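First up is the structure itself, then whatever we jot down about it.
The values are calculated or read from the model by the stated rules, or taken from the named source; none is laboratory data. It should be emphasised that the depicted structure is a prediction, and the values quoted were computed from it without experimental measurement. Methodologically, a virtual Cβ is constructed for each residue, glycine included, from the backbone with ideal geometry; neighbour enumeration extends over all protein chains shown. Side chains are part of the model used for accessible areas, which takes the heavy atoms of the whole protein and leaves out ligands, DNA and RNA. Shrake-Rupley method; radii C 1.70, N 1.55, O 1.52, S 1.80 Å.
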Amino acid sequence: MERRELFSSFAKLLRGEERQLPTYPPYFSDEADFQRCRECDDTPCVKACEEGIIEIVDGVPSLDFFKSGCTFCDQCALTCPLQVLRVDAKRSLPPLAIDPIGCLAWHGTICSSCRDACLDQAIEFTGLFQPQIIAQKCTGCGFCVGVCPTKAIGR
Ligand code: SF4
Ligand code: SF4
Ligand code: SF4
């Protein structure tokens, strides 16, 4: 087993399960509207996403931050034929958080992969080993999620 897989398994073991990130694209006013996505045959939002992070889960679009993050580029909303996603409903995504139980740094290993990936400088370290996401700065873009070797970032 590679070192990274070992860390990941260790973190999952400590947490009991892998953290889930059900996240809608950031262009809606009411979550109930996503039920109409089940009538959308071509799901053009999936093809429109430059980051390739939209997947259809149980008939509705969900963002997979383990692939990449959201650039808030509007393209998914611009291509939505049913107006479930609308540019005028653009919003930030819920802020994420670091789970200290799974984080390498919190266990004394030098790692700053998440901070390096965050363009909003929303991840701050106390000393070398205690990273935290500052919720007021975090756009919820998800770019820090996939770079974390132990999958310690979620909600
Ligand atoms: S805003 Fe852009 S990057 Fe974000 S989910 Fe929509 S198409 Fe993808
Ligand atoms: S990427 Fe960030 S959250 Fe993940 S192990 Fe490294 S310091 Fe911790
Ligand atoms: S901490 Fe930074 S990279 Fe992670 S979701 Fe928040 S803004 Fe995006």
Taking K and R as +1 and D and E as -1, what net charge do the other residues with C-beta under 10 Å from the C-beta of residue 142 add up to? -1
Cα centroids of the range 123-155 and the range 46-61: how far apart, whole angstrom? 23
Considering only protein heavy atoms, what per residue accessible area in square angstrom results for the chain with a 1.4 angstrom probe? 56
Where a label projected 7 Å from the Cα of residue 56 along Cα→Cβ would reach, residues of the range 27-50 with amide N under 18 Å: 33-50
Give me P(r) over the chain, computed from all C-alpha to C-alpha distances, binned every 5 Å, as integer percentages. 2, 9, 18, 20, 17, 13, 10, 7, 3, 1, 0
Radius of gyration, Dmax [the range 17-81; alpha carbons; angstrom]: 11.4, 37
Would you work out what percent of the accessible area of the chain, with all protein chains in place, is carbon or sulfur (probe 1.4 Å)? 52
Report the normalised scattering of the range 89-151 as log10 I(q)/I(0) at q = 0.13, 0.21 Å⁻¹, calculated by the Debye formula with identical scatterers on the alpha carbons. -0.31, -0.77
